[in-house]
């Protein structure tokens, strides 16, 4: 059986819809759930993107970034053309061992960005057409409703040592990936 490598990714953008708006930053952290806790991170990738020429910005997202100027400025440093960034992402994924499985919180928001940019600039999606939604996974592990399945309602041990949620894509990809590793451990304990 091929081991699964979980790719926890996070995006930052300037609006709610890929293509209409631009991806600002994408970061991914690879995790091997079979390794001991604290040693599961096996790779990191990140890039900031040049804006799409035809895209616009969203007033609501612009207002959000005005409240987080440091984080927004971080997305504008060392920007790359989207094709170059996505080719680098694909190469990084290909160099990882095992079967790559995307994971995001929430996948319904982050994954469409990765999927759109992958198809537009690569002609394919190196993560396939599906992604684990960590929020839904937590809902199942905790046996709670979807709307109650929020980080503030997760068990305290799930948050320990994960790092802060900063709205910097690399920090958030790492924080959420560590959170997901703890969900996987909790699920294994339930099945014993």
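Taking the stretch 20-48 as the range and being touching a residue at least 60 places away in the same chain (Cβ under 8 Å) and farther than 27 Å from residue 159 by Cβ as the test, only 23 passes.
Could we say that residue 146 is in contact with a helix residue (DSSP H, G or I) (Cβ under 7 Å, 6 or more places away or on another chain) and either assigned to a loop (DSSP other than H, G, I, E, B) or in contact (Cβ under 8 Å) with a residue 12 or more places away in the chain (or both) here? Yes; evaluated as a whole, the condition is true for this residue. What single numbered condition from (1) buried (at least 16 other Cβ atoms within 10 Å of the Cβ); (2) at pLDDT below 95 fails to hold for residue 37? Here residue 37 meets the rest and fails (1). Of the residues making up the stretch 119-133, those that are touching a helix residue (DSSP H, G or I) at 6+ places or on another chain (Cβ under 6 Å) and part of a loop (DSSP other than H, G, I, E, B) number 3. Figure legend. Inter-residue proximity from the stretch 75-93: first residues at positive phi and at pLDDT 95 or above, second residues surrounded by 15 or more Cβ atoms within 10 Å (Cβ to Cβ) and part of a strand (DSSP E or B), beta-carbon distance below 8 Å, spacing 6+ or different chains. Indicated pairs: 78/48.
Flag: residue 120 matches the condition of being farther than 17 Å from residue 10 by Cβ and touching a residue at least 60 places away in the same chain (Cβ under 8 Å). Does residue 56 fit the bill of being over 25 Å from residue 183 (Cβ atoms), touching a residue at least 24 places away in the same chain (Cβ under 8 Å), surrounded by fewer than 16 Cβ atoms within 10 Å (Cβ to Cβ) and more than 18 Å from the chain's Cα centre (by Cα)? In short, yes.
Within the stretch 129-148, the set of residues being surrounded by 13 or more Cβ atoms within 10 Å (Cβ to Cβ) and closer than 28 Å to residue 75 by Cβ comprises 131, 132, 133, 134, 135, 136, 137, 138.
The values are calculated or read from the model by the stated rules, or taken from the named source; none is laboratory data. Remember, it's a predicted structure, so these values are computed and weren't measured experimentally. Quick reminder, even Gly has a Cβ in these numbers, built from the backbone with ideal geometry, and neighbours come from all protein chains shown.
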